[in-house]
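Student: Okay, handing you the structure first.
Only the coordinates and a few stated rules stand behind these numbers; no lab work does. Every value quoted in this text rests on a predicted model; they were computed, and no experiment measured them. As a convention, Cβ positions derive from the backbone with ideal geometry for all residues, glycine included, and neighbour counts pool all protein chains shown.
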Ligand code: PLP
């Protein structure tokens, strides 16, 4: 243990973040975080909150009135959706093809709901045919939950098709867009998604700890029709929205907002709008193709089949006979480059290369390929 007397200010090393998140922060966002704190009910701050909601509607491609950043990481956004939409006894179909679908099952259980699990292999997208069968077998399912961009494997599921099936059967959707928002096509209104949550630290390249969420009118109606209060005071939308959505009315204190983190998110979203969301999607795809070409030229193989690959998360098989941890340590120690390891059944078997937000640029692709080439010889 370090003696307290020896502890000095903390200065983190300068890393290049090409793992599963967080991603590198743009200097403009970093600058925004350092602005002076003002009160969370200051009129200037309240004006910025309104802009933030509009900027998030643009990022999510939605007109949903209930769109705001939850104060907490992506996991709190996830819980906010489940706590408000799942009541004890509700049946919820959860599609699991990686770590985060597993967490959704936990959420359903903790809300007193009954999960019906649709399984797909890690590395595969969710199979719409399996969801269709589950919906037929469980016509009383109230909600269908799935992960759009599975960060644990790099697989992208067809959110439009899955939401369309749920809608035909009258079920709402809860969609994890933590890794997709800003990095690959996501169209909340056009695809008919109901409750969608994301994270600030992936393709938005903001500081971790905020979770943008958006709820459709149908989802809002379901929340209003609840028979019982949800078990969480902090995440109860009817309470938190008296702070975030007091249209023309009096905003009331709910919790002290993470003021500076919200400045950072505002700046990150201004940058996304300046670039244009479709150009951001195109940039992620372009650099993914360059990284993929380089990795394949080194003889490495991607985990996910081509039509389901996320551009912002590239999972690669560790070649036989290679010590995967030693390679990651060499990249970090010699190049200050962070990449990700595999999780669950893929631990020790894959590396995960993130190309998210501000980390998604030519110089990072080049560095990553040459560093990896050096570490592998
Ligand atoms: N969902 C997905 C797909 C994620 O990738 C993550 C984090 O990596 C989360 C949820 C949880 O987000 P957080 O770590 O910000 O709580």
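Student: Determine, yes or no, whether residue 123 is in a loop (DSSP other than H, G, I, E, B), surrounded by 19 or more Cβ atoms within 10 Å (Cβ to Cβ) and either in contact with a helix residue (DSSP H, G or I) (Cβ under 8 Å, 6 or more places away or on another chain) or in contact (Cβ under 8 Å) with a residue 12 or more places away in the chain (or both). Steps first, please.
Tutor: Working: in a loop (DSSP other than H, G, I, E, B): yes; surrounded by 19 or more Cβ atoms within 10 Å (Cβ to Cβ): yes; either in contact with a helix residue (DSSP H, G or I) (Cβ under 8 Å, 6 or more places away or on another chain) or in contact (Cβ under 8 Å) with a residue 12 or more places away in the chain (or both): yes.
Criteria met by residue 123.
Student: Quick check on residue 170: is it surrounded by fewer than 24 Cβ atoms within 10 Å (Cβ to Cβ) and without any contact (Cβ under 8 Å) to a residue 24 or more places away in the chain?
Tutor: Numbers: surrounded by fewer than 24 Cβ atoms within 10 Å (Cβ to Cβ): yes; without any contact (Cβ under 8 Å) to a residue 24 or more places away in the chain: yes.
Spelling it out, residue 170 is indeed surrounded by fewer than 24 Cβ atoms within 10 Å (Cβ to Cβ) and without any contact (Cβ under 8 Å) to a residue 24 or more places away in the chain.
Student: OK, next. Look at residue 155 and say whether it is buried (at least 24 other Cβ atoms within 10 Å of the Cβ), within 16 Å of the ligand (Cβ to nearest atom), within 11 Å of the chain's Cα centre (by Cα) and touching a residue at least 60 places away in the same chain (Cβ under 8 Å). If you could, list the steps in order and put the result at the bottom.
Tutor: Details: buried (at least 24 other Cβ atoms within 10 Å of the Cβ): yes; within 16 Å of the ligand (Cβ to nearest atom): yes; within 11 Å of the chain's Cα centre (by Cα): no; touching a residue at least 60 places away in the same chain (Cβ under 8 Å): yes.
It is false that residue 155 is buried (at least 24 other Cβ atoms within 10 Å of the Cβ), within 16 Å of the ligand (Cβ to nearest atom), within 11 Å of the chain's Cα centre (by Cα) and touching a residue at least 60 places away in the same chain (Cβ under 8 Å).
Student: Please find, within segment 181-212, the residue that is nearest to the chain's Cα centre (by Cα) out of those that are surrounded by 24 or more Cβ atoms within 10 Å (Cβ to Cβ) and away from the ligand (no atom under 12 Å from the Cβ).
Tutor: Going through the qualifying residues, I end up with 182.
Student: Please name all residue pairs, on different chains or six or more residues apart, with Cβ atoms under 8 Å, provided the first residue is in segment 69-89 and is farther than 14 Å from residue 234 by Cα and the second residue is in a helix (DSSP H, G or I) and within 12 Å of the ligand (Cβ to nearest atom).
Tutor: Close Cβ pairs (under 8 Å, with a partner that is in a helix (DSSP H, G or I) and within 12 Å of the ligand (Cβ to nearest atom)) amount to 86/107.
Student: Would you check if residue 66 is more than 13 Å from the ligand (Cβ to nearest atom), under 25 Å from residue 218 (Cα atoms) and crowded, with 23+ Cβ neighbours inside 10 Å? Reasoning before the result, please.
Tutor: Details: more than 13 Å from the ligand (Cβ to nearest atom): yes; under 25 Å from residue 218 (Cα atoms): yes; crowded, with 23+ Cβ neighbours inside 10 Å: no.
Taking the combined requirement at face value, the residue does not satisfy it.
Student: Scan segment 82-93 and give yes if some residue there is outside any strand (DSSP E or B), within 14 Å of the ligand (Cβ to nearest atom) and surrounded by 24 or more Cβ atoms within 10 Å (Cβ to Cβ), otherwise no. Lay out the reasoning, then the answer.
Tutor: Of all residues in segment 82-93, those outside any strand (DSSP E or B) come to 82-90.
Narrowing the set further to residues that are within 14 Å of the ligand (Cβ to nearest atom) leaves 82.
Narrowing further to those that are surrounded by 24 or more Cβ atoms within 10 Å (Cβ to Cβ): 82.
Yes; the residues of segment 82-93 include at least one that is outside any strand (DSSP E or B), within 14 Å of the ligand (Cβ to nearest atom) and surrounded by 24 or more Cβ atoms within 10 Å (Cβ to Cβ).
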